[in-house]
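Engineer: Below you'll find the structure I mean.
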Amino acid sequence: MENKETFYITTPIYYPSGNPHIGHCYTTVACDSIARYRRMQGKDVIFLTGTDEHGLKIEQKAKEKGVTPKEYVDEIVEIFKNLWKFMNISYDRYIRTTDDYHIETVQKIFKDLYDKGYIYKGTYKGKYCTPCESFWTESQLVDGKCPECGRDVTEAEEEAYFFKISLFSDRLEKLLLETDYLQPKSRAVELVNNFIKPGLEDVCVSRTTFTWGVPVTFDEKHIVYVWIDALSNYISALGYNNEKYDDFNKFWPADVHMVAKDIMRFHALIWPAMLMALDLPLPKHLAVHGWITFNGQKMSKSIGNVVDPLVLGERYGADAIRYHILREMALGADSSFSNEIMINRINSDLANDLGNLVSRTVAMVEKYFGGVIPTEKESADIDNELIDMTLALRDKVDAYMDETQLNNALAEIFKVISRANKYIDETTPWILGKDETKKARLACVLYNLLEAIRISTTLLSNFMPSTMPKVWAQIGADSDLITYENAGKFNVLPQNVKVAKGDAIFPRIDVDKEIEELNALIEKQAKQAQKAQQKPEIEGLAEIQFDDFAKVELRVATVTECEPIKRAKKLLKLQVNDGTDKPRQIVSGIAPWYKPEDLIGKNVIIVANLKPAKLCGEMSNGMLLAGDVSEDDVKVVFVDMPAGTKIR
């Protein structure tokens, strides 16, 4: 059996705290295009993506919804997978950090690093950003807020384990400055100056303030902190320290890790240091891209500028969206998203240049030759420029793919497409078609166009995999002709190739009408997001008389027993002692915020004379007093008074 050259490429594993947006799409579509290109080259490819499912934020989100963390992430993961299916993502493996084999690997790595003396126990004091799951020093904050997301940080002090990243400072600096590990290289100096030169601080790698995560095997009150858990996915997915797979020796080190710039430092510093400590080879390249911005701001659910790729894809097709985001984003730089830029790009490149080239060429073959190119052809010097440019295309695309410059690879393909359109104007086939003595010349012109389309769309199929087969069907290119080798050859189509006219592959969009509709959609989406972030205003309440208020009997009660109601995720059933001899049961919707053990033995205030009601089959004789601190946080009122005390 032939031993193929291997190629291993990864996206970051995405944090499923909410639905995916077009920012997630860029990384995944870029990696998918590279993976497809390497497969076309004949390489044995593993393309990995997945989700990072542990941490405090997930635990909190699940609590808000009244479900378990696993139930919460299961639902979001399905949304991610459905989007990747819609976007035609050809991943080979999908890893979840909740997978048993990954947990096994993480625990073994943590223990190995501890046994080698690279992890030690200490106390963490500093600032913590829950949304980013990142610790920061005071000097790293921007206006007192998280430098990544701009949100508030909290004081954190807890017992924790630390990774001695400081031991690897010199090796990390050489990796960044003296190798091509980091792409683009311009990011390397930034990392060295901002983190290594001031002195690398040891990294906190465990937490004790939440439970949703991978337990440290030798100290189970500690949970492995996000980066050792998340970063290890790149090797656990190959079978390192687990029995699930046996591909580590074959595919490691990774050829490309692709990430956005906000998690660059973790992949450029912590991950290589972990591998150095484990005596494992380092990945070959870390490709760092910028953000897709909207009005100059990073895509963010809290700002309300998230563009739903499914909405866009349903309007224009997945391939149009794939093409647009890949063509607009230069590696390392941000890319501004606007409806106008996207629609104009679809119209100019896909509808006008590529779409018209295919439809005009096929239509002329049908008009002048009944759909079949004659075998007799007559070449001319004017043909050479198009042929030479087309034959040089594959090597140019190869070079840009090696540098992860997908936008430039696409630009080269469309230079050939543009040149083919110019070739039509230069050779005037509509004039040749009127002269019977020029039929052989016309056949050559149209055949050259079909070949330019074949080669261009063969390479383009890695970026737009759904649409290019439709082009091949129209130009008469059987699937066995669509190969990497043939993308470097001319005269591959049969000399008497038969075409078949089809629908327009990219219909032209009415720009003004479409922009108006899309802007309305995004504005509506932004308002919904902003509304979700706002605290409801306190409106004027109906006034009541003192006699009305006097009817409400508020009394202190001690919670003696508490348990969840299986049929209702938000309800807890409490037994309370209100200072009388009568037992009292109260059902309260506070399960998302409190566990039974949080309440037992506590003194609370109840409405003692509320009319009994049945909730999910359980009688409730009263109501617990609690406050809506925010839209997603509820606090029970606890008091230091004996049971039976009347409140007035």
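Engineer: Scan the range 220-235 and give yes if some residue there is over 25 Å from residue 91 (Cα atoms) and in a strand (DSSP E or B), otherwise no.
Structural biologist: So far as the range 220-235 goes, yes, one or more of its residues are over 25 Å from residue 91 (Cα atoms) and in a strand (DSSP E or B).
This table checks each residue for (1) outside any strand (DSSP E or B); (2) open to solvent by less than 40 Å² (accessible area, probe 1.4 Å); (3) out of contact with any Lys or Arg (no Cβ under 8 Å at 6 or more places or on another chain).
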residue	(1), (2), (3)
10	no, yes, yes
23	yes, yes, no
30	yes, yes, yes
33	yes, yes, no
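Engineer: Only residues that are without any contact (Cβ under 8 Å) to a residue 60 or more places away in the chain and over 17 Å from residue 365 (Cα atoms): list them for the range 471-483, please.
Structural biologist: If the condition is that a residue be without any contact (Cβ under 8 Å) to a residue 60 or more places away in the chain and over 17 Å from residue 365 (Cα atoms), then 478, 479, 480, 481, 482 are the ones that fit.
Engineer: Something else: Could you tell me whether residue 113 is in contact with a strand residue (DSSP E or B) (Cβ under 8 Å, 6 or more places away or on another chain), part of a helix (DSSP H, G or I), touching a residue at least 40 places away in the same chain (Cβ under 8 Å) and open to solvent by less than 80 Å² (accessible area, probe 1.4 Å)?
Structural biologist: Yes: the conditions hold for residue 113.
Engineer: Could you check how many residues of the range 179-204 are in contact with a strand residue (DSSP E or B) (Cβ under 8 Å, 6 or more places away or on another chain) and either modelled with pLDDT of 95 or more or under 22 Å from residue 332 (Cα atoms) (or both)?
Structural biologist: Qualifying residue count for the region: 7.
Engineer: Of the numbered conditions (1) surrounded by 16 or more Cβ atoms within 10 Å (Cβ to Cβ); (2) out of contact with any His (no Cβ under 6 Å at 6 or more places or on another chain); (3) more than 27 Å from residue 55 (Cα to Cα), residue 183 fails exactly one; give the number of that condition.
Structural biologist: (2)
Engineer: Now, a different point. Can you give me the number of residues within the range 45-90 that are touching a residue at least 40 places away in the same chain (Cβ under 8 Å) and open to solvent by 50 Å² or more (accessible area, probe 1.4 Å)?
Structural biologist: Summing the residues that are touching a residue at least 40 places away in the same chain (Cβ under 8 Å) and open to solvent by 50 Å² or more (accessible area, probe 1.4 Å) in the range 45-90 gives 8.
Engineer: Next question, about the same structure. Read through the list (1) farther than 27 Å from residue 131 by Cβ; (2) open to solvent by 50 Å² or more (accessible area, probe 1.4 Å); (3) in contact with a strand residue (DSSP E or B) (Cβ under 6 Å, 6 or more places away or on another chain), then give the number of the only condition that residue 251 fails.
Structural biologist: So residue 251 meets the others, but not (2).
Engineer: Under 6 Å between Cβ atoms, at least 6 apart or on separate chains: pull out the pairs that start in the range 391-410 with a residue that is within 15 Å of residue 36 (Cβ to Cβ) and in contact (Cβ under 8 Å) with a residue 12 or more places away in the chain and end on any residue that is open to solvent by less than 60 Å² (accessible area, probe 1.4 Å) and outside any helix (DSSP H, G or I).
Structural biologist: Filtered contacts from the range 391-410: 404/183; 404/287; 404/331.
Engineer: A follow-up question, please. Can you find a residue that is in contact (Cβ under 8 Å) with a residue 12 or more places away in the chain and surrounded by fewer than 21 Cβ atoms within 10 Å (Cβ to Cβ) anywhere in the range 230-238?
Structural biologist: Scanning the range 230-238, I find no residue that is in contact (Cβ under 8 Å) with a residue 12 or more places away in the chain and surrounded by fewer than 21 Cβ atoms within 10 Å (Cβ to Cβ), so the answer is no.
Engineer: Of all residues in the range 320-364, which are among the acidic types (Asp, Glu) and under 18 Å from the mean Cα position of the chain (by Cα)?
Structural biologist: Scanning the range 320-364 gives 328, 334.
Engineer: Is it the case that some residue within the range 611-623 is under 38 Å from the mean Cα position of the chain (by Cα), open to solvent by 30 Å² or more (accessible area, probe 1.4 Å) and touching a residue at least 40 places away in the same chain (Cβ under 8 Å)?
Structural biologist: No, there is no match, as no residue in the range 611-623 is under 38 Å from the mean Cα position of the chain (by Cα), open to solvent by 30 Å² or more (accessible area, probe 1.4 Å) and touching a residue at least 40 places away in the same chain (Cβ under 8 Å).
Engineer: Oh, and also: Looking only at residues in the range 411-442 that are small (Gly, Ala, Ser) and within 47 Å of the chain's Cα centre (by Cα), which one is most open to solvent (accessible area, probe 1.4 Å)?
Structural biologist: Among those that are small (Gly, Ala, Ser) and within 47 Å of the chain's Cα centre (by Cα), it is 418.
Engineer: Out of the residues in the range 186-212 that are open to solvent by 20 Å² or more (accessible area, probe 1.4 Å) and in contact with a His (Cβ under 7 Å, 6 or more places away or on another chain), state the one that is nearest to residue 118 (Cα to Cα).
Structural biologist: The qualifying residue nearest to residue 118 (Cα to Cα) is 208.
Let's see how each residue does on (1) over 26 Å from residue 405 (Cβ atoms); (2) free of Cβ contacts under 8 Å to residues at least 40 places away in the same chain; (3) not in a loop (DSSP other than H, G, I, E, B):
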| site | (1), (2), (3) |
| --- | --- |
| 161 | yes, no, yes |
| 167 | yes, no, yes |
| 174 | no, yes, yes |
| 191 | no, no, yes |
| 198 | yes, yes, no |
| 211 | yes, no, no |
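The values are calculated or read from the model by the stated rules, or taken from the named source; none is laboratory data. A quick note: this is a predicted structure, and the numbers were derived from the prediction, not measured. Methodologically, a virtual Cβ is constructed for each residue, glycine included, from the backbone with ideal geometry; neighbour enumeration extends over all protein chains shown. For the accessible areas, the whole protein counts, side chains as well, though only heavy atoms, and no ligand, DNA or RNA atoms are used. Shrake-Rupley method; radii C 1.70, N 1.55, O 1.52, S 1.80 Å.
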